[in-house]
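A.B. asks: Starting off with a structure, shown below.
Read-outs throughout are calculated quantities, based only on the coordinates presented, and are distinct from any laboratory measurement. As the structure is a computational prediction, the values presented were derived from the model and not from experiment. Glycine gets a Cβ as well: all are built from the backbone with ideal geometry, and neighbour counts include every protein chain shown.
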Amino acid sequence: MSQRPPFTWIIRRTVWNSISLLIFRFKKAKKIPLPPRNPQPLRLVPVAERIPGVEVRDIYMADRIPPGESDKIMQASFSFRIWLGQVLPPVRPGLPQIDADINKAMQAACRPAYRKLYPPPALPDAFRHAGLPDLGEMATASPYACFLERNAAGELVWDFTDLDKHEIYPGLRPLGCCVYFKVEKGAGRLKASRITSVLGDIKAEDGRWNEAVRTAMCAASTKISLVNHFGWVHLACGGPLSVATRNHLYRDHPMCRLMWPHMFGTQNSNYLVAKGQMLRGGDFETVFSFTHEGMIDLFQRTFNSYRASVMVPTLDWHDRGLPEGKFDTPVQDNLRDLYDVMHAHTTRYINAYYDSDKDLQWDETVMAWLRALNDHIPNGIDGVTGGVVTRESLATLCAGFIYMASVQHEALGSCMWNYQMWVDKNPVRIHTSGKRVPVDVFQRLLNANFNLNVDRAKLMQDLSYFAVDARGAEAFRLFLSDLKALERKLAAEPYATWRVTPKMLEANINA
């Protein structure tokens, strides 16, 4: 039995849970508006200049929230929560650990009021058996499949050794580790054979294997939320895309209408989320292992390591050095299916407006937009376009942006509801004392993931009202038809927590 929490915690929990429930209940999807007629250009400025108190000068964001995106009620809500976090912090030292029975801990945190608004976390198949998850399965059939790569020695790995570069709280286990995988011949699957970490060089038959697996799962959980989702989708790619599109594609340009539904709301979302997470006391630093200083260092270092080819599943697979046909790849197959629908859409749309590559290259508006994207996105977009401007390279890039704003934002964000909450299998921090996560940290983790699933504008809707003419309208309608067809196909397959379907996707990055 766990120690009973003090009454003061009950009060704090009631206040913060009520706020989380109110946000979920009253946040409703809104129709995405058409582009404004005379938008004022945005500037990219250091986060330190945009958000006083956050000393980050190597990451850039828009100098303001543009009219039309600015949501005064949402901004007031975020400001109130930041203020309340200073006077009534949702997490404080010394509270008891969660119940040893994860189901009881989940029931205590995910109360009936939550379950009435949204289904409780589903248990992934990989978590159903006793003991820790099979990392070979997690490397190909979970959101963490994005971390599998081939290293310089030709080995298949999850490499999280760079996480040791950043300060963590005393009493927590360092996250730096590397998992080595081998292909099981004839089985079409991967098997984790070895893990190096602060625990040593551990092989699968070692008695410390389970603790090494916990370290790897904690590292994966941390990196996917802080780096892949927030640092890369929101800051490194989504923000610059929005700025470049607003500044260089005029209202009635066909490419503006193609991109607008998938970047609207980004600046409002990025500003509010960055303010809430980068100032002291945010979710990230009170849930995961890094101190505030360690977290900020991590953001700054990884922002500049962004690789645009992560937006295109086939290119990403190639750039990670992974082989084709050597083992089963259910997540990769799912992501390719989704991207292919988006690529078919952008190809149809672009070919409807440009008869040749030369016609496209003569469009100075598009060329200026591409130059801005190359300047604003860390390491540019040549990893997607190959450094050439053709109808095909533009279609690949634009499909990648739609994929980033919808599929990646879902898979790396909202889908973690079904993974991170099972902290017995997928810890968000590991205490060296052996204690389980405290009740307040677990509750804050739940509230943060719960609010990632609020109602937002869906991708699977008729966006033909964005078209400037019949050609564009037909392309948008065919896109919706293709999404519906893929949804029917995927809905007929057995349920899996890792699978992303069109029905789940949002049109854009919007808090």
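A.B. asks: Between Rg and the Kirkwood Rh of segment 125-215, both from Cα atoms, what is the Rg to Rh ratio?
C.D. replies: On the way: Rg = 13.4 Å, Rh = 13.9 Å.
Radius of gyration relative to Kirkwood radius: 0.96.
A.B. asks: Give the order of GLU493, GLU149 when sorted by the count of other beta carbons within 10 angstrom, beginning with the fewest.
C.D. replies: Neighbour counts put them in this order, fewest first: GLU493, GLU149.
A.B. asks: Let me ask something else about it. Kyte-Doolittle cut-off -1.0, length cut-off 30 Å along the helix's own axis using Cα: show which whole DSSP H helices in the chain pass.
C.D. replies: Passing helices, by number: 330-353, 470-491.
A.B. asks: Can I ask one more? Multiplying the sequence separation of ARG280 and ASP382 by 0.36 nm and subtracting their Cα-Cα distance, what value in nm do you get?
C.D. replies: Full extension of this stretch gives 33.1 nm more.
A.B. asks: May I ask you to sort TRP362, TRP232 by Cβ crowding, counting other Cβ atoms within 10 Å and putting the fewest first?
C.D. replies: Lowest to highest Cβ neighbour count: TRP362, TRP232.
A.B. asks: Listed highest first by mean packing, meaning other Cβ atoms within 10 Å per residue, what order do 483-490, 247-254, 236-243, 329-336 come in?
C.D. replies: 236-243, 329-336, 247-254, 483-490
A.B. asks: How much FRET efficiency would the formula 1/(1 + (r/R0)^6) give for ASN351 and ILE10, where r is the Cβ-Cβ distance and R0 is 51 Å, rounded to 0.05?
C.D. replies: About 0.25, to the nearest 0.05.
A.B. asks: Hey, what number do you get for the chain at 222 nm if only DSSP H runs of n ≥ 4 count, each worth -39500 (n - 2.57), divided across all residues, to the nearest 500?
C.D. replies: Per the formula, -13000 deg cm²/dmol.
A.B. asks: Ok, one more. Which whole-Hz ³J(HN,Hα) couplings does segment 180-186 yield from phi under the Karplus relation 6.51 cos²θ - 1.76 cosθ + 1.60, θ = phi - 60°, glycine and proline marked x?
C.D. replies: 10, 10, 10, 7, 6, 4, x
A.B. asks: Name the residues whose placed amide hydrogens come within less than 5 Å of the amide hydrogen of MET61, ignoring near sequence neighbours (fewer than 5 apart) on the same chain.
C.D. replies: Answer set, sorted by chain and number: VAL45, VAL47.
A.B. asks: A further question on this structure: Taking the Cα-to-Cβ direction at PHE26 and at ALA122 and moving 7 Å from each Cα, how far apart do the two end points lie in nm?
C.D. replies: 3.1 nm
A.B. asks: Next question. Can you give me the C-alpha center-to-center distance between segment 395-452 and segment 1-74, rounded to a whole angstrom?
C.D. replies: Spelled out, the Cα-based centre of one part sits 17 Å from the other.
A.B. asks: Rounded to the nearest 0.05, what FRET efficiency do SER18 and LYS503 give with R0 = 25 Å and r taken as the Cβ-Cβ distance? Could you check? Before the final figure, lay out each step's value.
C.D. replies: Details: r = 30 Å, r/R0 = 1.19.
After rounding to 0.05, the efficiency reads 0.25.
A.B. asks: Using the Karplus equation 6.51 cos²θ - 1.76 cosθ + 1.60 (θ = phi - 60°), what ³J(HN,Hα) coupling, rounded to whole Hz, does each residue of segment 316-325 give in order, writing x for Gly and Pro?
C.D. replies: With coefficients 6.51, -1.76 and 1.60, one gets 4, 4, 5, 5, 8, x, 8, x, 9, x Hz.
A.B. asks: A further question on this structure: Work out the FRET efficiency for LEU34 and GLU474 from their Cβ-Cβ distance, taking R0 = 22 Å, and round it to the nearest 0.05.
C.D. replies: 0.75
A.B. asks: Also: Apply the Karplus curve 6.51 cos²θ - 1.76 cosθ + 1.60, θ = phi - 60°, to the phi angles in segment 495-506 and return the couplings in whole Hz, x for Gly and Pro.
C.D. replies: Working through the residues one at a time gives 4, 9, 5, 7, 6, 9, 10, x, 4, 7, 7, 9 Hz.
A.B. asks: Working only with C-alpha atoms, what are the Rg and Dmax values of segment 240-287, expressed in angstrom?
C.D. replies: In order Rg, Dmax, the Cα atoms of segment 240-287 give 14.8, 45 Å.
A.B. asks: Cross-link candidates for LYS182: which lysines have Cα within less than 17 Å, leaving aside residues fewer than 8 places away along the same chain?
C.D. replies: Leaving aside lysines fewer than 8 places away in the same chain, those within reach of LYS182 are LYS191, LYS203, LYS326.
A.B. asks: Can you tell me the length gained on complete extension of the stretch ALA187 to ARG371, counting 0.36 nm per residue apart and subtracting the Cα distance?
C.D. replies: The span from ALA187 to ARG371 would gain 61.6 nm if fully extended.
A.B. asks: Return the long-range amide H neighbours of ARG189 (sequence gap of 5 or more, or a different chain), with a cut-off of under 5 Å between placed amide H atoms.
C.D. replies: GLU184, ASP328
A.B. asks: So, one more: Can you pull the one-decimal nm distance between simple spin-label points at TYR169 and ALA130, each 7 Å off the Cα toward Cβ?
C.D. replies: Simple spin-label model gives 3.2 nm for this pair.
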